[in-house]
1. Taking the condition of being more than 23 Å from the chain's Cα centre (by Cα), assigned to a loop (DSSP other than H, G, I, E, B), of a type outside the set (F, W, Y) and surrounded by 17 or more Cβ atoms within 10 Å (Cβ to Cβ), how many residues in the stretch 117-165 meet it?
2. Looking at the stretch 299-322 only, could you name the residues that are closer than 28 Å to P266 by Cβ, among the hydrophobic types (A, V, I, L, M, F, W, C) and either at pLDDT below 85 or surrounded by fewer than 21 Cβ atoms within 10 Å (Cβ to Cβ) (or both)?
3. Looking at Q298, Q341, which one is over 22 Å from the mean Cα position of the chain (by Cα), part of a helix (DSSP H, G or I) and farther than 30 Å from F103 by Cβ?
4. Mind listing just one residue for me: the one in the stretch 226-262 that is in a loop (DSSP other than H, G, I, E, B) and modelled with pLDDT under 90 and, of those, farthest from H332 (Cα to Cα)?
5. Modelled with pLDDT of 85 or more and of a type outside the set (V, I, T): does that describe N144?
6. Which one is farthest from the chain's Cα centre (by Cα), of the residues in the stretch 188-217 that are polar (S, T, N, Q), within 19 Å of S101 (Cβ to Cβ) and modelled with pLDDT of 85 or more?
7. Do you know which residues across the stretch 166-210 are more than 29 Å from T111 (Cβ to Cβ), among the polar types (S, T, N, Q) and surrounded by fewer than 21 Cβ atoms within 10 Å (Cβ to Cβ)?
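The values are calculated or read from the model by the stated rules, or taken from the named source; none is laboratory data. Keep in mind the model is a prediction, meaning the values are calculated, not measured. Ideal geometry is used to build each Cβ from the backbone, glycine not excepted, and the neighbour counts take in all protein chains shown.
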Amino acid sequence: MSKKSDVPITENSKVRSFSGAATLTSTPDREPNGDSQSLDPGAAAKRLLEADDAQHKGDPEPPAYSVTGRLGRYGLPALRYLLQTEVHTYAFSFAANALLSFFPFYVLLLTITRRFFHSLDMYNIMLEVIRLYLPSNQDFVIRNLQFLASVKGRGQLLSFVMLLITSTGVFLPLEVALNSVWGFKKNRSYLRNLVVSLGLAFTCGVLALASVALTAKNLKYLGFLASDHTLVLRSAEFVALKITAIVPGIAIYFLIYWLLPNGRVPVRAVLPAAITMGLLTEAAKYLFTLVLPWLNFQDVYGPFSVSVTLMMWSYTTGMLLLLGAYLSAAKHSDRMQARRQDDDAS
């Protein structure tokens, strides 16, 4: 699927824009299949950028601002955007549905890695990726996910049905928010949004499985090459797992920014924002973890503190996602204005 890069933002438009986990210890029954070259996360992005640059060859770039200039040009307007009531409404709606989607999504992924791929290495890596994603209560959540994925019966089927329902709830408010940021007047119908949401949910699952499969294969070779160097091996495992957690996240940000708006969005306008927000989300997770003890969710919500923590983290992620969308649209608006000025001057 591809998109053209003609975006309806005019010059006068307003842009509203691996540690003690409960893992299984065994060798896999078989290696994950697939050509590692086809799983290269940078190849697709490079092709997209080349195609996008070819369409805009010779376009002028907006003026280069200093740090203070960028703050004034983008920072303060972005802060005002984040303070709008509807932005918080979109973020909370995203957070609520993301919480409802979290358990079904990972139950299905754990089930697939264990029962279809028959790979305990992939299963353990998936658990570590979940651990790296969660800001707190990792052992409790992972233990329950393992239990749900191990029970044969209707659990997996119900997880699939719930994912079909909640995925729309995740992406529907995001579409409305992104359309507003880019100035697209018309939202998709509910059925069209359902199709796009299911496609994005399926793609997220494929990205996660592909990244985990590639990491499992690489860690197997690293274990063979560095079997006598425990510190080197552990360091390599940590880096590989971090990449497995961050790269799919960046890819998901990019797909949301590029495909979810109901209009044509250029690749080069949203790819830098996806990379920046993916890295910023990882940094925000550590900050969120440091702040958690002062929030006292356990004292206020008791046994429901885990759900509240996950929802607040999803809300934070939603705000970061919308921030990236706003900044990408604002930067693209400046680029279009520079193009017009260049056309006028010629």
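1. Total meeting the criteria: 1.
2. Scanning the stretch 299-322 gives M319, L320.
3. None of the others qualify; the one that does is Q341.
4. D228
5. Numbers: modelled with pLDDT of 85 or more: yes; of a type outside the set (V, I, T): yes.
Criteria met by N144.
6. Going residue by residue through the stretch 188-217, those that are polar (S, T, N, Q) are 189, 193, 197, 203, 211, 215.
So of that shortlist, the ones also within 19 Å of S101 (Cβ to Cβ) come out as 193, 197, 203, 211.
Add one more test, that the residue is modelled with pLDDT of 85 or more, and what stays is 193, 197, 203.
Working: N193: 18, S197: 14, T203: 11 Å.
Step by step, filter the stretch 188-217, then rank; the result is N193.
7. Across the stretch 166-210, the qualifying residues are N179, N187, S189.
Let's see how each residue does on (1) polar (S, T, N, Q); (2) more than 18 Å from L209 (Cβ to Cβ):
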site: L83; (1), (2): no, yes
site: N97; (1), (2): yes, yes
site: V107; (1), (2): no, no
site: F116; (1), (2): no, no
site: S119; (1), (2): yes, no
site: I125; (1), (2): no, no
site: D139; (1), (2): no, yes
site: N144; (1), (2): yes, yes
